[in-house]
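Peer 1: I am attaching a structure below and will ask some questions about it afterwards.
The values are calculated or read from the model by the stated rules, or taken from the named source; none is laboratory data. Computed from a prediction, not measured in an experiment: that's the story for all the values here. Using ideal geometry, Cβ is built from the backbone for each residue, glycine included, and neighbour counts are taken over all protein chains shown. Accessible surface is based on the protein model in full, side chains and every heavy atom, while ligands, DNA and RNA are left aside. Shrake-Rupley method; radii C 1.70, N 1.55, O 1.52, S 1.80 Å.
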Amino acid sequence: MRAAAAACACLWLAVSDLPAASPSDTGCAACHASETTHFRATPMAQALEKVETCNILKQHPDLSFQEGPYHSRIARQGDRSILTVTQGSETLTAPLLWAFGRGQAGQTYVFEYHGAMYESRVSFYNALGALDLTMGAMGSKPQSIAEAAGRRMDALGARDCFACHSAGGVQEGKLHLENLRPGVACESCHGPAEKHVDAVKAGDASAAKLPRLSALSTEELSDLCGRCHRTWSQIALNGPRGVNNVRFQPYRLANSKCYDAADQRIRCTACHDPHGPLETNLASYDAKCAACHSAALHTKVCRVAKTNCAGCHMPKVELPGAHARFTDHQIRVARAGEAYPD
């Protein structure tokens, strides 16, 4: 199934190779106002925010969670949110610095403690309106108050997290928080724009050229998106296995029987507008399905229904601990009660 893709040179870039962005995207907006305006409403553009501007923490000023002997509390104080973890007479206190995720499913926090970055052990879940264990924390028990507060992030881990949730902060493979802009930006996908903008202003059309992402093959685009959403090869080699990989859309899509690395009708952007919010109306995807499956093309068509194809053939899957259901991008004839196809 994957022979064609395996034979290709993998275009996946480590997140350390994500392009460093220039100070702002205003240069992009000057010529591409429609795209930049729509993009600001996307989950990608809102993938990271400073705690002082975080609406979830403003709207929930006092959150608590109990895990065995450890009590965690996130309390709002002015424009700050303070994490306090207590066990008996022992207390750890740290101001939260960053909020990862816009909270549609969940939101996780990063703080600094003893000179290191930590990922909070608790996250806010929209379905609960409350805190619960961060997904990566499930299955382990804290052995100290620091572990009850969060997971210590090494330099590479912190770099990789910020690289996919922000722009401009990773330069020469290292994280520079002083240059970071919250949220994914134009240059995260299109590459550095400073020279492009200068060339446009100078009227130098040749020097102004940027890589045409629309010219990428289906496999190449999947690997581009996979820099943050995980590529097929990453999951195939390292997992996770089972339902925990439902979030990694390039991997799931490539496992579909109808996936063709050279067919642009099944590329990520065939269904999703990278510059706009996610379309949640299932019927809007029917035309995308019919581009491949129709009597006119003499291809297989569904014998059960003609509308809302994705609702049946890309079922939503409950991800344990996420308090949310995710669309499985492995397109198939899904049958009730069947095991999750890894």
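A quick yes/no check of all residues on (1) out of contact with any strand residue (DSSP E or B) (no Cβ under 6 Å at 6 or more places or on another chain); (2) outside any helix (DSSP H, G or I); (3) among the charged types (D, E, K, R):
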position: Asp273; (1), (2), (3): yes, yes, yes
position: Glu279; (1), (2), (3): yes, yes, yes
position: Ser284; (1), (2), (3): yes, no, no
position: Ala287; (1), (2), (3): yes, no, no
position: Val301; (1), (2), (3): yes, yes, no
position: Thr307; (1), (2), (3): yes, yes, no
position: Ala334; (1), (2), (3): yes, yes, no
position: Gly337; (1), (2), (3): yes, yes, no
position: Tyr340; (1), (2), (3): yes, yes, no
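Peer 1: Within segment 210-245, work out how many residues are of a type outside the set (Ser, Thr, Tyr), open to solvent by less than 30 Å² (accessible area, probe 1.4 Å) and in contact with a Ser or Thr (Cβ under 8 Å, 6 or more places away or on another chain).
Peer 2: Looking only at that region, the number is 2.
Peer 1: Residues that are out of contact with any Lys or Arg (no Cβ under 7 Å at 6 or more places or on another chain), β-branched (Val, Ile, Thr) and surrounded by fewer than 19 Cβ atoms within 10 Å (Cβ to Cβ): does segment 90-99 have at least one?
Peer 2: Yes - at least one qualifying residue is present in segment 90-99.
Peer 1: Would it be correct to say that Ser140 is modelled with pLDDT under 95 and among the hydroxyl-bearing types (Ser, Thr, Tyr)?
Peer 2: yes
Peer 1: Just one of the numbered conditions (1) surrounded by fewer than 19 Cβ atoms within 10 Å (Cβ to Cβ); (2) more than 26 Å from the chain's Cα centre (by Cα); (3) within 23 Å of Ala137 (Cα to Cα) is not true of Tyr70; which one?
Peer 2: (1)
Peer 1: Related question: All but one of (1) part of a loop (DSSP other than H, G, I, E, B); (2) within 21 Å of Arg102 (Cβ to Cβ) hold for Cys228; state the number of the condition that does not hold.
Peer 2: (1)
So that you can scan it fast, the table gives a plain yes or no per residue for (1) of a type in the set (S, T, N, Q); (2) out of contact with any helix residue (DSSP H, G or I) (no Cβ under 9 Å at 6 or more places or on another chain); (3) modelled with pLDDT of 95 or more; (4) under 28 Å from Gly106 (Cα atoms):
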position: Pro277; (1), (2), (3), (4): no, no, no, yes
position: Tyr285; (1), (2), (3), (4): no, no, yes, yes
position: Ser294; (1), (2), (3), (4): yes, yes, no, no
position: Thr299; (1), (2), (3), (4): yes, yes, no, no
position: Lys306; (1), (2), (3), (4): no, no, no, no
position: Glu338; (1), (2), (3), (4): no, yes, no, yes
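Peer 1: How about segment 254-264: which of its residues are open to solvent by 20 Å² or more (accessible area, probe 1.4 Å) and not in a loop (DSSP other than H, G, I, E, B)?
Peer 2: Gln264
Peer 1: Right, another one. What are the residues in segment 174-185 that are surrounded by fewer than 20 Cβ atoms within 10 Å (Cβ to Cβ) and touching a Lys or Arg at 6+ places or on another chain (Cβ under 7 Å), if any?
Peer 2: The answer is Lys174, and nothing else.
Peer 1: Of these, Ala45, Ala94, Ala99, which one is part of a strand (DSSP E or B), in contact (Cβ under 8 Å) with a residue 40 or more places away in the chain and touching a helix residue (DSSP H, G or I) at 6+ places or on another chain (Cβ under 6 Å)?
Peer 2: Being part of a strand (DSSP E or B), in contact (Cβ under 8 Å) with a residue 40 or more places away in the chain and touching a helix residue (DSSP H, G or I) at 6+ places or on another chain (Cβ under 6 Å) holds for just one of Ala45, Ala94, Ala99, which is Ala99.
Peer 1: Right, Val122: out of contact with any Asp or Glu (no Cβ under 9 Å at 6 or more places or on another chain), crowded, with 20+ Cβ neighbours inside 10 Å, at pLDDT 95 or above and under 19 Å from Gln66 (Cβ atoms) or not?
Peer 2: When the stated conditions are applied, Val122 does not pass them.
Peer 1: Does Glu219 meet the test of being touching a residue at least 24 places away in the same chain (Cβ under 8 Å) and of a type outside the set (A, V, I, L, M)?
Peer 2: yes
Peer 1: Considering each of Leu278, Leu297 in turn, give the residue that is open to solvent by 60 Å² or more (accessible area, probe 1.4 Å) and farther than 22 Å from Phe39 by Cα.
Peer 2: The unique qualifying residue is Leu297.
Peer 1: Now, a different point. Would you point out which residue out of Asn179, Asn255 is polar (S, T, N, Q) and within 25 Å of Met153 (Cβ to Cβ)?
Peer 2: Asn179
Peer 1: Right, next: Condition first: open to solvent by 20 Å² or more (accessible area, probe 1.4 Å) and within 25 Å of Ser222 (Cα to Cα). Now tell me which residues in segment 138-173 satisfy that.
Peer 2: Leu156, Gly157, Arg159, Asp160, Cys161, Cys164, His165, Gln171, Glu172, Gly173
Peer 1: While we're looking at this one, here's another question. Provide a single number: the residues in segment 107-119 that are open to solvent by 30 Å² or more (accessible area, probe 1.4 Å) and more than 17 Å from Val51 (Cα to Cα).
Peer 2: Qualifying residue count, segment 107-119: 2.
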